Amino acid sequence: MSTKRFEVQMSDVRKGSVFLGKLQRENIKIHRLYVSGSAVFFETDSKGIATIRRFRRKYRVKVQIRRKGDDAVLHRLFSSYLFLIACCIPFAASLFLWQITVESDVPEIAQRMESKLDKANIKAPSLLSGLPQEDEIRRLLMQDEPTLSWIRFSQTGTSLVVSPMTAPLSTGVKEEKEERPSHLVAKTGGVITHFALTRGERASIVHQTVKKGDMLATGILEQGEKTAVVGADGEVFADYWLECHFEMPRTIRYFIQGEESLKIGWRAPWTDQESGGVRFRNPVIYEKTREDPIHQVYLKEGMEESIILPLLKYDLLSKSTNERIIKEENILHVTFTNDKVSGTILFLLNENIAEKRPITQGD
């Protein structure tokens, strides 16, 4: 280990010469002695510093001492509690989630997602180890959100980005035409969860199990001896299980939305016209670019829940014209061959199961 060195400055040369003689008699090491103006500078070790401090008042000399070399900085740095605290702060901060961002083109959806996260006590700052699993958070956020097909999570360091993905909407426009008064009947079996009728009277109740063709709402209202045919209209939502058989190639290609880049340029704020005049224009040029990279993945065992299931859920939701949500899913079996993947998955769906059946004279 190298000896600690100190630089000593004595402000009075005349008193300094007597004092230096005393240091020599005490066998103190003195290096690099020089005089600058009315001050004397030299270097010594720890023993010399102790002797200087013992005799400086006796000889009435003014002395300034400072540590010499890089070891002065390292000594102050590593012997400081502030340095230890500064090292611990980044490590402790990395254990917490400091920012949660909801990215959505629909402000109403983003506000509902933020409210649900806050009610579930998923907010910043919070311990990363205390956060629920992504599937649990996704199930919580997609509950009562029929317009969502999937929610993507992206965690970068201590930041979490929540990206709700909406299901494709039907763009077909139906021509308005007069319809005959109708009842609402079940187009499939299920357990009724709630009604959203705009006309008619309920013919069943919530939590009732119905079969295909059962009456859900009647379009004939009876009051005493009077009967009025008004027709039933609206929606009746129910839970039911759907068995989905699928087959897809083992190699699939997909693209993801890339990041947008904005380039800002400058140009002259005026331009010459063909007629000889001058036209003023915006001096700032904006150019937005975005690349959507295409990815290719080879399906194999272990990708059932990470790749195959999200693809099937997106396909199932995109084909529905009703407000459909997926509450649960159960993978029954998946088979991998050389070029194809096939299997069966059981989905618990909630959607409008009501369809109209015209009222006949026999009703």
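Using the structure shown, decide if HIS295 is open to solvent by 50 Å² or more (accessible area, probe 1.4 Å) and modelled with pLDDT under 90.
yes
Please enumerate the residues belonging to region 321-349 that are assigned to a strand (DSSP E or B), crowded, with 18+ Cβ neighbours inside 10 Å and touching a Pro at 6+ places or on another chain (Cβ under 8 Å).
Those that are assigned to a strand (DSSP E or B), crowded, with 18+ Cβ neighbours inside 10 Å and touching a Pro at 6+ places or on another chain (Cβ under 8 Å): ILE325, VAL341.
Does PRO146 meet the test of being in contact with a strand residue (DSSP E or B) (Cβ under 9 Å, 6 or more places away or on another chain), under 22 Å from ASP315 (Cα atoms), surrounded by 14 or more Cβ atoms within 10 Å (Cβ to Cβ) and modelled with pLDDT under 80?
So PRO146 fits the description; yes.
The conditions are (1) among the aliphatic types (A, V, I, L, M); (2) touching a residue at least 24 places away in the same chain (Cβ under 8 Å); (3) open to solvent by 60 Å² or more (accessible area, probe 1.4 Å), and LEU197 fails exactly one of them. Which is it?
(3)
For (1) modelled with pLDDT of 85 or more; (2) open to solvent by less than 90 Å² (accessible area, probe 1.4 Å), each residue gets a yes or a no:
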| position | (1), (2) |
| --- | --- |
| ARG14 | no, no |
| LYS22 | no, yes |
| GLU43 | yes, yes |
| ALA50 | yes, yes |
| TYR59 | no, yes |
| HIS75 | no, yes |
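Taking the conditions exactly as written (among the aliphatic types (A, V, I, L, M) and under 30 Å from GLU329 (Cα atoms)), does ILE256 satisfy them or not?
Criteria met by ILE256.
The values are calculated or read from the model by the stated rules, or taken from the named source; none is laboratory data. In this text, all values refer to a predicted model and were calculated from it rather than measured experimentally. Glycine gets a Cβ as well: all are built from the backbone with ideal geometry, and neighbour counts include every protein chain shown. Ligands, DNA and RNA are excluded from the accessible area calculation, which covers all protein heavy atoms including side chains. Shrake-Rupley method; radii C 1.70, N 1.55, O 1.52, S 1.80 Å.
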